[in-house]
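Below is one structure, written out as structure tokens; the observations come after it.
Throughout, read-outs are computed from the coordinates displayed, never taken from laboratory work. As the structure is a computational prediction, the values presented were derived from the model and not from experiment. Reconstructed Cβ throughout: ideal geometry from the backbone, glycine too, with neighbour counts over all protein chains shown.
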Amino acid sequence: MKSRLPRGALGGMLMVCAAAAQAQSAPPSPPIKPGLWQVQTDNMSDGKKVPDMGAQLKTMPPDMRKRMEDNMKQHGIDMSGGPGQMKMCMTRESLDSGKWQGQQTRCKTDFNTGGSVWKWRSTCDQPPSVTDGEAAFTSAEAYTVKSSTTMTMQGKEHLSKMTLNAKWLGADCGDLKPFSPPTAPAPKARP
């Protein structure tokens, strides 16, 4: 049985440059350096702070936590930093090819990537949601992403907000593999 990363584990990472989330054509490369990045996330859902993935990992039984951490490292994410922090390795190839943007299925994204501020709107049907966001690239070594997602689940509307601050740590990623988002399972055929 193949192990998959939970969506929450990658939520902040997939929004690293959500300005260019999956769309009809590949977006341009983000104006950032390849290498090791430290990402600090702050998430709110329906007005309440959401525990970060690192804190959630610490509450798991040791064997489950190790499997989850190993799985995340296989996708180029190290959660061993402080609260809300993760490290990830972004290669020139992943930046140029669009792999850094993550896997978004059943979503349509319109984006404006002009200048140092990228804006986007993603509309998804599974689950029904709309995300508006902005990525501000202050330099090739730092950027901030802010997003707001309205999602309908079980007939109720939920609002999630995320702020992500990223800084470049250096060109060498050490033993951390390049970031590779997990692939989404193919939609099941209906009989």
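Can you pick out the pairs among Lys66/Lys119; Lys108/Lys146; Lys58/Lys108; Lys119/Lys156; Lys73/Lys146; Lys33/Lys108 whose Cα atoms lie more than 29 Å from each other?
Cα-Cα > 29 Å for Lys66/Lys119; Lys58/Lys108; rest within.
Per 0.36 nm of contour for each residue apart, how much would the distance between Glu141 and Glu157 grow if the chain were fully extended, relative to their Cα-Cα spacing? Display every interim value, and only then the final one.
On the way: separation 16, 0.36 × 16 = 5.76 nm, distance 3.62 nm.
Stretched fully, the Glu141-Glu157 segment lengthens by 2.1 nm.
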### Query
Could you give me the ³J(HN,Hα) list for region 39-49, computed from phi with Karplus coefficients 6.51, -1.76, 1.60 and θ = phi - 60°, whole Hz, x at Gly and Pro?
10, 10, 10, 9, 10, 10, 9, 6, x, 10, 5
### Task
Give me the net charge of Asp42's neighbourhood, meaning all other residues with Cβ under 14 Å from the Cβ of Asp42; Lys, Arg count +1, Asp, Glu -1.
+3
